[in-house]
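Presented below is the structure to which this report refers.
The values are calculated or read from the model by the stated rules, or taken from the named source; none is laboratory data. From a predicted model like this one, the values you see are computed outputs, not experimental measurements. No Cβ is skipped: glycine too gets one built from the backbone with ideal geometry, and neighbour counts run over all protein chains shown.
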Amino acid sequence: MNNVKVFVLMAGMTALVVAIGQMFGGSNGAIIAFGMAAVMNLGMFWGSSKLVLRSYGARVVSEAEAPELYRMVDQLRQRAGLPMPVVAIAPHQQPNAFATGRNPENSVVCVTEGLMQLINREELEGVIAHELAHIKNRDMLLQTIAATMSAAISNIAQFAMFFGGGRDEDSPSPAAAIALAIVAPIAAMVMQFAISRQREFKADQVGAEICGRPLALAGALQKLEMSARRIPMQVSPAVAPLAIINPLSALKKLGIGKLFSTHPPTEERVARLQALATAA
């Protein structure tokens, strides 16, 4: 069911790209807009991992530099049937983690310094298993495409507002173009975040299967949620959905609605993991 929801959301984002292109330049504009989104996706496909690591200020580490972490990732990725990912550490005190990369053969698992200091070994295994689940499910590519489509929608919408509508008789009025130019980026962001929330639920489930301890992952999520509210992290909102817990604690304090949340409620994630443990 989650995969169906994600497909519908991605189709909606594609439709928004085409609609704004139509307003900007009629039929030709729709084609140009779709091509623009495709080019942006291609660029992110090849360079996403470097951009994400740079956004978090993370550095790649070798087995000699972080032997325990490296061995833990290696053992868990073997359970998951995955190639060995690159291992990285981000210099943040907020405990968090993320995965990135275009496919399992070119993937990265990154943890923050604060994560390794806060949680115990079993909980750390649960977090890493969650990130490996993202790799196994190929979520990084999906979320990269969603983020790129969202950016494309915002950029094209700005052009539509500036030019005030299309150039042929089939194009909507300038007023309609301006209205869509305002609403479309918000709608794209809501859909991007919805995709992120659905993939987090799936990664929790698969991650629990990989590590074999749903309650350890549940305990880690609770600790990370509490810490994220107390310890700020300076990171671009564009890469926030990649983290296991929303790293932007300021948004939590503002009490934003569920539609604008990058992650599902931690209480709901924990409840689902507890149900998995009970059913096992």
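What is the residue count in the range 101-129 for residues that are under 16 Å from Val239 (Cβ atoms), hydrophobic (A, V, I, L, M, F, W, C) and out of contact with any Gly (no Cβ under 6 Å at 6 or more places or on another chain)? Reasoning before the result, please.
Our first condition is that a residue be under 16 Å from Val239 (Cβ atoms); within the range 101-129, this holds for 101-102, 107-112.
Then drop every residue that is not hydrophobic (A, V, I, L, M, F, W, C), which leaves 108-111.
When the remaining residues are screened for being out of contact with any Gly (no Cβ under 6 Å at 6 or more places or on another chain), the result is 109-111.
Looking only at that region, the number is 3.
Note down all Cβ pairs under 7 Å where the first residue falls in the range 203-230 and is surrounded by fewer than 19 Cβ atoms within 10 Å (Cβ to Cβ), the second is among the aromatic types (Phe, Trp, Tyr) and part of a helix (DSSP H, G or I), and they're at least six residues apart or on different chains.
Partner pairs satisfying both residue conditions: none exist.
Conditions first: (1) assigned to a loop (DSSP other than H, G, I, E, B); (2) at pLDDT below 80. Val190 passes all but one, so which condition is the exception?
(1)
With the checklist (1) at pLDDT 95 or above; (2) over 20 Å from the mean Cα position of the chain (by Cα); (3) farther than 23 Å from Lys223 by Cα in hand, flag the one item Gly114 doesn't pass.
Only one criterion is unmet by Gly114, namely (3).
Only strands (runs of 3 or more DSSP E) wholly contained in the range 58-141 count here; list those with 2 or more residues that are touching an Asp or Glu at 6+ places or on another chain (Cβ under 6 Å) and either touching a residue at least 12 places away in the same chain (Cβ under 8 Å) or under 25 Å from Gln198 (Cβ atoms) (or both).
Working: elements: 59-61, 86-90, 97-101, 107-112.
The qualifying strands (runs of 3 or more DSSP E) are 97-101.
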